[in-house]
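Please read the structure below before turning to the comments.
The values are calculated or read from the model by the stated rules, or taken from the named source; none is laboratory data. Model, not experiment: these values are computed from the prediction. Neighbour counts run over all protein chains shown; Cβ positions are idealised from the backbone, glycine included. These accessible areas exclude ligands, DNA and RNA; they are computed on the full protein's heavy atoms, side chains included. Shrake-Rupley method; radii C 1.70, N 1.55, O 1.52, S 1.80 Å.
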Amino acid sequence: MKPSSFEMYTPNNIEDALSLLDKHGDEAKIITGGQSLVPTINMRLATPKSLIDLNRIDGLRYIKKEDNKILIGGVTRHHDLETSSLIKEHCPLLGLAAGCIGHLAIRYRGTIGGSLAHADPAATLPVALLTLDGKVKTTSVNGVREFDAEEFFYGIFTTAMEENEILTEVEIPIVPKEAGYSFSTLTRIHGDFPLLAVGVLMEVEEEKIVKARLTVGGINPLTERIVDVEEMLIGKKPSDELFYEAAQSSKDFMEPESDISASAEYRLHMVGVYVEEALKNAWQNIGKVGN
Amino acid sequence: MQENTHTMNITVNGVNYEKEVPVRKLLSDFLREDLGLTGTHVGCEHGVCGACTLFVNGEAIRSCLMFAIQADGADVTTIEGLERNGELHPMQESFSECHGLQCGFCTPGMMMAAIDFLKHNPNPTEQEVKEGMSGNICRCTGYKGIVDSVLKAAPLISKLETKSKVF
Ligand SMILES: Cc1cc2nc3c(=O)[nH]c(=O)nc-3n(C[C@H](O)[C@H](O)[C@H](O)COP(=O)(O)OP(=O)(O)OC[C@H]3O[C@@H](n4cnc5c(N)ncnc54)[C@H](O)[C@@H]3O)c2cc1C
Ligand code: FES
Ligand code: FES
């Protein structure tokens with residue numbers, strides 16, 4: 001057997017899960033979809049003493065609308081996100097980001113909480129969370145904490161979460177009907193982890209850009225919005241020239257590296273190509289959210 | 001060291017089993033070693049190749065990324081469960097007719113993924129088949145025969161009476 005020995009707990013409610021996690025401390029790991037954790041256990045890169053399986057807890061898998069927000073339970077599957085009509089209507093960018101994760105077999109099991117807690121720099125859901133101005137709620141025996149997307153991610157595989165916390169809910173503000181959006185990924189093979197993922201949200205009033213959010217994932221160790229480029233867009237009239245300039249400027253904030261999949265030069269070039277396309281697409285589909 | 005085990009109950013291809021299983025045993029290894037169902041193949045054991053794909057509660061998932069005891073109470077269908085009353089499933093027939101396999105290593109996972117894909121897209125284009133099947137790696141065929149097999153199976157599966165469909 002490939003994994004080293006461990007104990008598995010299958011709590012039926014969140015309270016039991018939280019006290020197990022608190023009791024076992026850093027020797028325990030949460031398991032939800034297992035799509036990132038089990039490979040590392042199989043390779044013995046991770047050798048947890050205990051696993052706490054959240055899959056038997058009712059009430060952590062939901063997508064619902066409350067006032068002007070979409071609330072998503074921590075154990076909601078990628079496949080739930082990509083097929084949800086609420087998400088399609090109110091924040092379609094999130095559904096697109098979930099739908100391009102790996103393959104269907106991965107999306108049936110993998111969860112939003114697992115992906116965000118794992119914080120892989122090439123993951124797509126963090127790009128969506130940042131672009132959509134989402135929030136993350138974590139719960140421990142000490143209570144609930146809430147993070148803005150910007151405060152949540154620290155770097156490669158690291159977040160603001162403590163070891164005794166469970167990611168219990170994600171909150172996405174409803175995207176106004178008059179906004180435009182775009183989400184795209186660059187992959188070498190359909191379904192691979194992306195070399196590059198770009199998310200854009202844009203609002204235009206009286207021919208001027210009044211709101212712009214731009215996130216690039218897959219290049220830097222920390223997926224972040226490019227605030228300087230967003231500011232460059234605001235107050236301007238949308239045009240091909242503006243989007244070209246903004247895309248070229250985006251490259252100044254990227255530190256790509258060369259590896260077996262692609263050279264640093266190629267990655268940097270493609271940031272320019274993809275950001276330009278994404279800005280154009282967002283502008284062109286303004287007013288089409290939910291249609 | 002004493003192996004840590006749990007007792008679990010699982011239905012595989014319609015047969016119910018109660019078994020004591022090491023906690024760290026993967027579902028793929030449990031099916032192969034404890035139940036002798038060696039039709040499920042194991043390639044990479046980290047979710048990338050698709051060889052171990054099978055149905056758990058109606059969804060085609062990677063059995064190398066699930067611990068056997070997580071399938072406690074589940075209904076599992078492996079490649080051995082496709083044949084009904086001595087008759088091959090249309091997916092098996094099509095793979096046989098269109099040369100969808102050579103060495104056969106990827107084939108069980110390919111067929112399970114293909115059946116699941118057609119559930120979502122019963123009448124796909126060739127390009128859609130290529131994308132839908134991209135999670136499964138084949139080292140022999142060059143994929144042409146596999147894509148042809150899935151395209152051939154699609155209308156045959158749509159015509160099956162619901163009760164004789166696997167899912
Ligand atoms: C072949 C393959 C291709 C993939 N391709 C992509 C891709 O293209 N894009 C992409 O973004 N991802 C991809 N992934 C990763 C996939 O998205 C995983 O589903 C996701 O990263 C982890 O979610 P999970 O539910 O499976 O978490 P698990 O694997 O169960 O856990 C991952 C980590 O998060 C912790 N954790 C899990 N849930 C919680 C929670 N609720 N609260 C606190 N901590 C928690 C665990 O302790 C563990 O450390 C791929 C995976 C595979 C196997
Ligand atoms: S053995 Fe499971 S995906 Fe390769
Ligand atoms: S037939 Fe040999 S790997 Fe596909």
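Annotations for the structure displayed:
- Options B:Phe105, B:Phe30, B:Phe95; residue that is part of a loop (DSSP other than H, G, I, E, B), of a type in the set (Phe, Trp, Tyr) and touching a residue at least 24 places away in the same chain (Cβ under 8 Å): B:Phe105
- Answer residue from region B:126-142, given it is more than 12 Å from chain A (Cβ to nearest Cβ) and touching a helix residue (DSSP H, G or I) at 6+ places or on another chain (Cβ under 9 Å) and is nearest to B:Ala60 (Cα to Cα) among those: B:Cys138
- Taking each residue of region A:102-119 that is under 15 Å from B:Cys52 (Cβ atoms) and looking for partners that are open to solvent by 10 Å² or more (accessible area, probe 1.4 Å) and within 16 Å of ligand 2 (Cβ to nearest atom) with beta-carbon atoms closer than 6 Å, six or more apart or interchain, yields A:Gly102/A:Gly191; A:His103/A:Gly191; A:Ile106/A:Gln35; A:Tyr108/B:Glu59; A:Arg109/A:Gln35.
- Candidates are the residues of region A:29-73 that are touching a Pro at 6+ places or on another chain (Cβ under 9 Å) and touching a residue at least 60 places away in the same chain (Cβ under 8 Å); the one that is nearest to ligand 1 (Cβ to nearest atom) is A:Leu37.
- In region B:99-115, of all residues being within 14 Å of chain A (Cβ to nearest Cβ) and within 14 Å of ligand 3 (Cβ to nearest atom), the one that is surrounded by the fewest Cβ atoms within 10 Å (Cβ to Cβ) corresponds to B:Pro108.
- Of residues in region B:33-75 being outside any strand (DSSP E or B) and closer than 12 Å to B:Met112 by Cβ, the one farthest from ligand 2 (Cβ to nearest atom): B:Gly58
- The set of residues in region A:235-284 that are open to solvent by less than 30 Å² (accessible area, probe 1.4 Å), farther than 21 Å from A:Thr223 by Cβ and part of a loop (DSSP other than H, G, I, E, B) contains only A:Pro238.
- Residues (more than 7 Å from chain B (Cβ to nearest Cβ), crowded, with 16+ Cβ neighbours inside 10 Å and of a type outside the set (Ser, Thr, Tyr)) located in region A:1-19: A:Pro11, A:Ile14, A:Ala17, A:Leu18
- Contact annotation: residue pairs with Cβ atoms under 7 Å, 6 or more positions apart or on different chains, pairing a residue in region A:229-253 that is under 20 Å from A:Asn285 (Cβ atoms) and without any contact (Cβ under 8 Å) to a residue 40 or more places away in the chain with a partner that is part of a helix (DSSP H, G or I) and acidic (Asp, Glu), are A:Tyr244/A:Glu276; A:Ala247/A:Glu276.
Condition check ((1) crowded, with 24+ Cβ neighbours inside 10 Å; (2) more than 14 Å from chain B (Cβ to nearest Cβ); (3) over 30 Å from A:Glu206 (Cβ atoms); (4) in contact with a Cys (Cβ under 9 Å, 6 or more places away or on another chain)) across all residues:
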site	(1), (2), (3), (4)
A:Asn68	no, yes, no, no
A:Leu71	no, yes, yes, no
A:Lys88	no, yes, no, no
A:Pro92	no, yes, no, no
A:Pro126	yes, yes, yes, no
A:Gly155	no, yes, yes, no
A:Ala160	no, yes, yes, no
A:Glu171	no, yes, yes, no
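- Residues of region A:177-203 that turn out to be hydrophobic (A, V, I, L, M, F, W, C), touching a Leu at 6+ places or on another chain (Cβ under 7 Å) and part of a strand (DSSP E or B), as a count: 6
- Filtered by the rule that a residue be open to solvent by 20 Å² or more (accessible area, probe 1.4 Å) and either among the β-branched types (Val, Ile, Thr) or within 7 Å of ligand 2 (Cβ to nearest atom) (or both), region B:16-32 gives no residues.
- Spans of helices (runs of 4 or more DSSP H) in region A:1-114 with at least 2 residues within 16 Å of the chain's Cα centre (by Cα) and not hydroxyl-bearing (Ser, Thr, Tyr): A:78-83, A:92-99, A:104-109
- Residue count for region B:76-92, restricted to those that are more than 14 Å from the chain's Cα centre (by Cα) and either part of a loop (DSSP other than H, G, I, E, B) or at pLDDT 95 or above (or both): 4
- Scanning region B:45-73 for residues that are among the small types (Gly, Ala, Ser) and within 11 Å of another protein chain (Cβ to nearest Cβ) returns B:Gly47, B:Gly50, B:Gly58, B:Ala60, B:Ser63, B:Ala68, B:Ala71, B:Gly73.
- Residues within region A:204-224 that are touching a residue at least 40 places away in the same chain (Cβ under 8 Å), over 13 Å from the mean Cα position of the chain (by Cα) and either surrounded by fewer than 24 Cβ atoms within 10 Å (Cβ to Cβ) or not in a strand (DSSP E or B) (or both), tallied: 5
- Evaluated against (1) polar (S, T, N, Q); (2) more than 9 Å from every other protein chain (Cβ to nearest Cβ); (3) under 25 Å from A:Met43 (Cβ atoms), B:Ser96 falls short on exactly one condition, (3).
- Selection over region B:81-116 of residues that are over 14 Å from B:Met133 (Cα atoms) and either touching a strand residue (DSSP E or B) at 6+ places or on another chain (Cβ under 6 Å) or of a type in the set (D, E, K, R) (or both) gives a count of 5.
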